Structures are given as C-alpha cells and as structure tokens.
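Here is the structure we will look at, set down as structure tokens.
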C-alpha cells in the first residue's frame, strides 16, 4: 500500500545550541564510516504501523530540504541533516536500510497535512511540539530542544534582543511557531515558505532580521560565512518532536523507545559527531514525553 511519493536518499547532520568553534562545512554522515544499524527481520505485532512498514521494506519520511545542519539538499540531490539521521535510526529499527527510505520535502506549512493525508509515514523536520499541533497529529520525543533567536547582517549593531524587533519587519516561515511568536511580540512579519528565502530580503534591507530556532540560524551562518550573525539569547523553548498520525499510540510509543535506545547505545551522539558536531557543541537530549 504505497502512496505516490518524492524519492530521495539521505544522510545526516545534527543540532545543538552553541557554536563549538570556527564554523565550517558540516560533515556528511558516513565520513567516519558510521551508519545506523539495520535490524534483520524485526518482529512486530500484526496490525501495527511498524509491522506494515517492516513488511513493505520502505518508509516515507518528511523532512526539510533547505536547512543546513538539519535537512539540506546538496548539489548531488542528496539531503543531509540531523533530522535525516534521526529518521535513518528509526528506519533501521524497522529493518529498512537508508537506500530504502523515500524522502519528501516538508516545509513548515505542510507538515500536518502530509501526516493527516498519509503522504508520509512520519515527519522529522525541526518540528516543534505544541498543544495546537497535538490536536491534529501526535508526537514522539522530544529528541532535541532549541530556542528562537535572531539573525541579522554581520555589521548590524542595532538589534541585540527580541525587544528590538517590535514594529520592525522580520522574516520567518509560514505555518511556523517562530512566525506566530513574532506576531505575538509585535513584529511586522514577512512570511515565506523556507528560511533560505528569508536571506535575500535581509540582504536587501526589506527585513531587519530573520528569526527562528537558534540552531537553524547557526546553520545559515555556517553556510554563508561573513554575511550574518546570531544575536541575543534564545527567547523561547522549542522541543523538536517526530510527527505521526493522530491516535497511532503504538507507533508513537515505539519511536520513543527507539529514541531512548539511541541515547543509550551512542547512535544519537554518533549521528551528531558525524555531522553538525563539526560546527555545534553536543548537548544531551531531553527526556521523551510519553503523554
């Protein structure tokens, strides 16, 4: 029962909250020879999502394609990112190898519809868990906690905190938590579909800043050396979760088990070290919320 999908093969990158030194190109998973293990013939209770996916031998995952360190499509058409690597760990526990994952680009505005419509099996896409979203989808995790911050031009000395954004044109992404936070703050929000599309308005002076999660902004700084900087302290808490179909408690609980196992067996940290660990400092993952 496979649906029509956009197929791509993936690798990975990672996230955390602070720069670990000089920014450079994020590593590609597998540079150190590490790849998530793939279970041989895993067994699941009949009728569960896990059993169906394991039998199919393929899984469709929604992720970002434009965010350095999380989900970014390179010149070869292969997306890399920490979210991608987390998905590979989950797929491996289903007995599904990386080459059998189908990747669908999910921007902030279509994550819930893609899950609800069955276009993806789960979403790992810098996806903040909040009560409003939990009305239409379920979340495993969180597997990481970020915080909203501010990106400005490298020579900007006027904006140092969120207070300086009030009444100012600030770019963010449609359907995202950061965009709503900016509206609540009193900023004039310029919305686009992807964060990379916020950079040109910033360069041209149409926006004074870009605001989203600090680790996403760190990736943009790393990708555009000398152009931008992140200022101020994070002013929100953004727990990233894995989106699944509402009411699929077995799948959500199982993914939580996989996440906790990855924390213990080192595969989570290995994914980090192979990718964004070249740019960002490692941070222990938060406890999953088995709501």
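The values are calculated or read from the model by the stated rules, or taken from the named source; none is laboratory data. Remember, predicted model here, so these are calculated numbers, not experimental data. All Cβ positions, glycine included, derive from the backbone under ideal geometry; neighbour counts span all protein chains shown.
All of 207, 218 fail the test of being in contact with a strand residue (DSSP E or B) (Cβ under 8 Å, 6 or more places away or on another chain), in a loop (DSSP other than H, G, I, E, B) and surrounded by 20 or more Cβ atoms within 10 Å (Cβ to Cβ), apart from 207. When residues in the range 241-250 are screened for being touching a helix residue (DSSP H, G or I) at 6+ places or on another chain (Cβ under 8 Å) and either buried (at least 23 other Cβ atoms within 10 Å of the Cβ) or closer than 14 Å to residue 143 by Cβ (or both), 3 of them pass. From the list 238, 269, the lone residue that is touching a residue at least 12 places away in the same chain (Cβ under 8 Å) and in contact with a strand residue (DSSP E or B) (Cβ under 7 Å, 6 or more places away or on another chain) is 238. Residues of the range 173-190 that are touching a helix residue (DSSP H, G or I) at 6+ places or on another chain (Cβ under 7 Å) and within 19 Å of residue 113 (Cα to Cα): 173, 174, 175, 176.
Here 160, 128, 192 are screened, and the one residue that is crowded, with 19+ Cβ neighbours inside 10 Å and either free of Cβ contacts under 8 Å to residues at least 40 places away in the same chain or over 26 Å from residue 62 (Cα atoms) (or both) is 192. In the range 169-181, is there at least one residue being touching a strand residue (DSSP E or B) at 6+ places or on another chain (Cβ under 7 Å) and at positive phi? Looking through the range 169-181, none of the residues is touching a strand residue (DSSP E or B) at 6+ places or on another chain (Cβ under 7 Å) and at positive phi. Filtering the range 92-141 to residues that are in a strand (DSSP E or B) and more than 19 Å from residue 174 (Cβ to Cβ) leaves 101, 102, 103, 122, 138, 139, 140, 141.
If residue 18 satisfies all but one of (1) more than 17 Å from the chain's Cα centre (by Cα); (2) closer than 20 Å to residue 142 by Cβ; (3) at pLDDT below 95, what's the number of the condition it fails? Condition (1) is where residue 18 drops out. Between 165, 153, which is in contact with a helix residue (DSSP H, G or I) (Cβ under 7 Å, 6 or more places away or on another chain), surrounded by fewer than 22 Cβ atoms within 10 Å (Cβ to Cβ) and not assigned by TED's automatic domain parsing to the domain that holds residue 90? That would be 153, the only listed residue that is in contact with a helix residue (DSSP H, G or I) (Cβ under 7 Å, 6 or more places away or on another chain), surrounded by fewer than 22 Cβ atoms within 10 Å (Cβ to Cβ) and not assigned by TED's automatic domain parsing to the domain that holds residue 90.
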